[in-house]
Every structure is written in structure tokens, then in C-alpha cells.
1. Could you tell me how many of the residues in region 93-115 are open to solvent by 30 Å² or more (accessible area, probe 1.4 Å) and either of a type outside the set (D, E, K, R) or touching a helix residue (DSSP H, G or I) at 6+ places or on another chain (Cβ under 7 Å) (or both)?
2. With the condition kept exactly as written, say whether any residue in region 138-156 is of a type in the set (Lys, Arg), without any contact (Cβ under 8 Å) to a residue 24 or more places away in the chain and either surrounded by fewer than 12 Cβ atoms within 10 Å (Cβ to Cβ) or within 25 Å of VAL54 (Cα to Cα) (or both).
3. For a quick check of your reading of the model, give me the residue pairs whose first member lies in region 67-85 and is in contact (Cβ under 8 Å) with a residue 12 or more places away in the chain and assigned to a loop (DSSP other than H, G, I, E, B), whose second is open to solvent by less than 40 Å² (accessible area, probe 1.4 Å) and of a type outside the set (Ser, Thr, Tyr), with beta-carbon atoms closer than 6 Å and at least 6 apart or on different chains.
4. Given the conditions (1) open to solvent by 20 Å² or more (accessible area, probe 1.4 Å); (2) aliphatic (A, V, I, L, M); (3) in a strand (DSSP E or B), report the number of the one that LEU160 does not fulfil.
5. Test each condition in (1) under 21 Å from HIS15 (Cα atoms); (2) assigned to a strand (DSSP E or B) for VAL129 and report the one that comes out false.
6. Tally up the residues in region 123-135 that are touching a helix residue (DSSP H, G or I) at 6+ places or on another chain (Cβ under 9 Å) and either open to solvent by 40 Å² or more (accessible area, probe 1.4 Å) or without any contact (Cβ under 8 Å) to a residue 24 or more places away in the chain (or both), please.
7. Residue by residue through region 136-155, note down the ones that are more than 22 Å from LEU31 (Cβ to Cβ) and in contact with a helix residue (DSSP H, G or I) (Cβ under 8 Å, 6 or more places away or on another chain).
Amino acid sequence: MALLPILRYPDPRLHKRAVPVAAVDDSIRQLVKDMAETMYEAPGIGLAATQVDVHKRVVVIDVSEDRSELLAFINAEIIERSGEQTCEEGCLSVPGIYEKVSRAERVRVKALDERGEPFELEAEGLLAVCIQHELDHLDGKVFVEYLSPLKLNRIKTRLLKKARITA
């Protein structure tokens with residue numbers, strides 16, 4: 001396994017739409033393992049392939065306290081949404097920034113797992129938020145883009161300034 005570099009907002013590659021995975025093969029299974037290792041090391045609870053500059057529809061999520069419930073979503077799509085919740089979100093690509101975002105409270109998603117087997121999952125609460133957040137990445141959208149233009153500009157300025165200081 002390998003740790004993968006995580007793209008930082010406002011890197012334009014974060015806005016590239018991911019393409020569907022044609023076949024779940026050993027390279028995709030290795031990507032899932034590498035993404036999981038990267039997510040746990042960061043540490044985070046979700047990671048989309050787009051965030052590691054791989055533009056395929058692959059996401060890993062683990063919202064458990066003990067990192068024992070890793071989920072892989074390949075070619076995932078939300079087929080049902082209901083309710084609304086507002087939660088504070090953060091992102092490995094937007095380090096140190098936490099903002100409230102409104103999303104569906106419950107989602108039903110269909111996807112392939114790392115063996116290429118289709119499955120459906122109903123999720124609510126934190127898992128539902130995480131699924132929506134990560135699938136947004138695959139569509140080229142970062143959570144801070146739900147915020148007002150003023151807040152978004154402040155965040156961009158802060159992150160660019162921070163990048164210059166550490167460079």
C-alpha cells in the first residue's frame with residue numbers, strides 16, 4: 001500500500017469530473033487500499049479518488065470510531081434523498097476549514113464494492129453527509145462552494161496565503 005498525495009483547494013484538478021470505472025480489477029482494488037490508507041493517515045472519514053488526482057468514480061468512507069467499517073463505493077449514485085440536515089463539514093482537501101452545509105438527511109445509494117459486486121445502502125446522519133460530500137468531489141465540487149461568495153473568497157485567500165508561507 002502507498003500513501004497518496006491529497007490535492008489542496010483551490011487546485012483546479014479538484015474540479016475535474018471523474019469517469020465511471022469500466023471494470024473493478026486489481027488496479028481498482030489497489031486504489032481502494034491506497035485511498036483507505038491515505039484517509040486513515042490524514043486522518044479523515046472519507047476520501048474521493050479526485051482528491052488524490054485519480055479521476056475515476058471511487059470513494060472510501062469509514063465513519064466508525066475504531067476504523068473498522070471501511071466502505072468502498074465504485075460508480076456510486078444517489079438514487080433517493082429525503083429530509084434535510086445542516087452539519088459542520090471539513091475536508092482533507094481544505095485543511096483547517098469547517099463550515100455548516102445543508103444536505104439531505106437520508107440517502108439511498110447504489111454502487112459496486114471492491115469485488116465489483118453491486119449493492120444498495122440506506123444511510124442517514126453522518127454517513128449520509130459523508131456520502132454526499134465525497135460524491136460531490138467526483139462531480140468536481142468542493143463543500144466550500146456551497147458557501148456564500150464572500151466566505152468562499154475569504155477561505156481561498158486564507159488557504160493561498162497559508163500555502164505561500166509553507167512553500
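1. Total meeting the criteria: 9.
2. The answer is no, given that none of the residues of region 138-156 is of a type in the set (Lys, Arg), without any contact (Cβ under 8 Å) to a residue 24 or more places away in the chain and either surrounded by fewer than 12 Cβ atoms within 10 Å (Cβ to Cβ) or within 25 Å of VAL54 (Cα to Cα) (or both).
3. LEU70/ALA36; LEU70/ASP62
4. Answer for LEU160: the failing condition is (3).
5. Just one mismatch for VAL129, condition (2).
6. Total meeting the criteria: 1.
7. Selection gives PHE143, VAL144, GLU145, LEU147, LYS151, LEU152, ILE155.
The values are calculated or read from the model by the stated rules, or taken from the named source; none is laboratory data. Predicted model, so just to flag it, every value in this text is computed and none were measured. Methodologically, a virtual Cβ is constructed for each residue, glycine included, from the backbone with ideal geometry; neighbour enumeration extends over all protein chains shown. Quick note on the areas: whole protein, heavy atoms, side chains included, nothing else; ligands and nucleic acids left out. Shrake-Rupley method; radii C 1.70, N 1.55, O 1.52, S 1.80 Å.
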